[in-house]
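For reference, the structure discussed in these notes is given below.
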Amino acid sequence: MSVILLLSKLIRIYIRGSLYLDALRLLLFFSPFLITIFFYGNPNFSMGNNYLVGFIIAIGASSIALLAQYKDFSPYFHKNFYHIVPLHKKRIMISMEISLLLSPLFEELLYRYYFPNNHLIVDSILSSLLFSAVHYLNRLSKSTLKFKDYAILFALGMSWYLSFSVSGSITPAIIGHLIYNLPNALISYLRYRIPNNPKTIQEEM
C-alpha cells in the first residue's frame, strides 16, 4: 500500500504543466491502484444481505458531512461569487473532475475493500487515519482543508468502512464517497464555465 501511495504522489507532483502532461498524469495517476487488484484479485461489487443498511450508513454519513460543511460551500451557491475567484483553465477542470469522480472507486477499494479486515474497530480506525493522512499530504487539499475537514474525513472513513463491513459490499461506500465529492465536482465545473458564459459577460459589460 505504501508503494501505491508513493507512486501516486510522485505522479501527481512531477507529471503536470501542460495539456499533454495532464492527460498522461490522469492516465497514470490511478494505475498504481491496479497493483492492488493484480495481487489481491478483482473486487466483488455484488450486494450483500444487508446492503440497504450499508447504503443508509454510507449515504447518511456523507449527507451529514456535507451539512456540517454547508458554510464552506454556501458562497459557491451564488453565481456572482464565481466572478471574483480564480478562473479554472479547461485542463485543470478536466483533471479535477476525473479525480473527484474516479477517486471514490479507487480509494474505497484501497482503504476499505483491500484493507486488512481482522478487527472492525482497529481496522476502521487505521483505515480512516490513513485516508485522512493522504489528504493531508496532498498539497492542494493541505492548503485548503482545516482541522474540522480532516476530522470529517476521518469520520467518513469510519462510516464507509462500517458500511462495507455491515453490508459485505463495497458499493455503498463508493456511492457514499461519490455523493460527498459531487459538490466539489460541480464547483470545479462552474469555476471553469461561468466566467466564460457569453450571457454573463454581456450582462457585466
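Points worth noting:
- Any pair with Cβ under 8 angstrom, 6 or more apart, that starts in segment 93-106 at a residue that is closer than 9 Å to residue 30 by Cβ and ends at one that is β-branched (Val, Ile, Thr) and in a helix (DSSP H, G or I): 105/174
- Test: residue in segment 72-93 that is in a helix (DSSP H, G or I) and of a type in the set (Val, Ile, Thr): yes
- Some residue of segment 107-114 being touching a residue at least 60 places away in the same chain (Cβ under 8 Å) and under 28 Å from residue 83 (Cα atoms): no
- Residue under evaluation residue 161, criteria (1) of a type outside the set (Gly, Ala, Ser); (2) buried (at least 17 other Cβ atoms within 10 Å of the Cβ); (3) under 13 Å from the mean Cα position of the chain (by Cα), criterion not met: (3)
No value in this document is a laboratory result; all are computed from the given coordinates. What you are looking at is a predicted structure, and each value in this text was computed from that prediction instead of being measured. As a convention, Cβ positions derive from the backbone with ideal geometry for all residues, glycine included, and neighbour counts pool all protein chains shown.
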